[in-house]
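The values are calculated or read from the model by the stated rules, or taken from the named source; none is laboratory data. Bear in mind the structure is a predicted one, so any value in this text is a computation, not a measurement. Glycine also receives a Cβ, built like all others from the backbone with ideal geometry; neighbour counts cover every protein chain displayed.
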């Protein structure tokens, strides 16, 4: 049986990435150029700078991915690229690159949804995972609880109605002076703190039991800081970070377990940038074990934005006959399940 080798490109935010993936499971190469150092100075991602950096690095990253895999464009069966959601300028760089390569090499072009890529990251190290299963996607811009009904068919049970979990991590980290990127910094300092020191709210969204809301929690942290400042009370940053993190993790775990029980699903997969958070990984693993659920979690390198996950998602789209036209464009607000 002939193998299907896909060249994948990801540039939705501040990572310029390319990978070659075989048969949707085997990663032949996975190259990531991160811009974190550049954006740290500004306390967050500056879209214009991100786009320029993508332009500067993308040819190099794509060529390195091919070289690392020992492949040329002649060996590639299709070219895949993230076309949404994300920063429009950043997405456009990847889409233009993929279209140019596919056109020049006469290869099929496959546009991939960024969130679908995060979900599919689990297949790399958990090849036995297959639909149907429950997916929890937690990243800087998205928080989704979904049922993966088929390889490229998703039923959304809940999503964030305001701040995504990763966004809340970044804002709280900035407020307590930890800097950017917030998620890893809060994760690190929380290990020194008491997660039960401060009781923060866990929001429920009326009429939508599986939706998430983290803006109230963020406001509660800011109010706590303001009150401490006004009263001259010293703030224990480690306790504050740990208590905030516990509130986020508890809500994510509770929603996931509740949905698994209601829909009689025993397989759960965690994905997205915040899936590399040690407290979330441990908390969800404990909750799943306690409730008889099997949990799949990608290695941290496949949690953050990478092109390997896009190559995996593209394989299933390729098998389903999905092909994109030369009019493929960046769609910054692309919803999951849309094409």
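Which pairs have Cβ atoms under 6 Å, sit 6 or more apart or on different chains, and link a residue in segment 13-24 that is closer than 20 Å to residue 166 by Cα and not assigned by TED's automatic domain parsing to the domain that holds residue 76 to one that is outside any loop (DSSP other than H, G, I, E, B) and modelled with pLDDT under 95?
Cβ pairs passing all conditions: none.
Suppose we keep only residues that are within 15 Å of residue 301 (Cβ to Cβ), without any contact (Cβ under 8 Å) to a residue 60 or more places away in the chain and in contact with a helix residue (DSSP H, G or I) (Cβ under 6 Å, 6 or more places away or on another chain) within segment 29-58. Which one would you say is surrounded by the most Cβ atoms within 10 Å (Cβ to Cβ)?
Filtering segment 29-58 for residues that are within 15 Å of residue 301 (Cβ to Cβ), without any contact (Cβ under 8 Å) to a residue 60 or more places away in the chain and in contact with a helix residue (DSSP H, G or I) (Cβ under 6 Å, 6 or more places away or on another chain), the one surrounded by the most Cβ atoms within 10 Å (Cβ to Cβ) comes out as 29.
Can you pull out the residues in segment 1-27 that are assigned to a strand (DSSP E or B) and farther than 24 Å from residue 319 by Cβ?
15, 16
Residue by residue through segment 28-49, note down the ones that are under 12 Å from residue 15 (Cβ atoms), in contact with a strand residue (DSSP E or B) (Cβ under 9 Å, 6 or more places away or on another chain) and outside any loop (DSSP other than H, G, I, E, B).
Scanning segment 28-49 gives 30, 31, 32, 33, 34, 36.
Assuming residue 291 fulfils every condition listed in (1) touching a helix residue (DSSP H, G or I) at 6+ places or on another chain (Cβ under 6 Å); (2) assigned by TED's automatic domain parsing to the domain that holds residue 199; (3) buried (at least 18 other Cβ atoms within 10 Å of the Cβ) apart from one, which condition is it?
It fails just one condition, (3).
So, in segment 72-103, of the ones that are farther than 24 Å from residue 335 by Cβ and out of contact with any helix residue (DSSP H, G or I) (no Cβ under 8 Å at 6 or more places or on another chain), which residue ends up surrounded by the most Cβ atoms within 10 Å (Cβ to Cβ)?
By that ranking, first place goes to 102.
Those residues that are free of Cβ contacts under 8 Å to residues at least 60 places away in the same chain and in a helix (DSSP H, G or I), I need them from segment 187-200; list them, please.
188, 189
For segment 59-81, how many residues are closer than 17 Å to residue 103 by Cα and either without any contact (Cβ under 8 Å) to a residue 40 or more places away in the chain or in a strand (DSSP E or B) (or both)?
Here the count works out to 8.
If you check residue 295 against the conditions, is it assigned to a strand (DSSP E or B), farther than 16 Å from residue 187 by Cβ and either out of contact with any strand residue (DSSP E or B) (no Cβ under 7 Å at 6 or more places or on another chain) or in contact (Cβ under 8 Å) with a residue 12 or more places away in the chain (or both)?
When the stated conditions are applied, residue 295 passes them.
Tally time: how many residues in segment 201-217 are in contact with a helix residue (DSSP H, G or I) (Cβ under 8 Å, 6 or more places away or on another chain), surrounded by fewer than 20 Cβ atoms within 10 Å (Cβ to Cβ) and not in a loop (DSSP other than H, G, I, E, B)?
Of the residues in that region, 1 qualify.
List the number of the failed condition for residue 327; all other conditions in (1) modelled with pLDDT of 95 or more; (2) buried (at least 18 other Cβ atoms within 10 Å of the Cβ); (3) out of contact with any strand residue (DSSP E or B) (no Cβ under 6 Å at 6 or more places or on another chain); (4) closer than 30 Å to residue 69 by Cα hold.
For residue 327, the failing item is (2).
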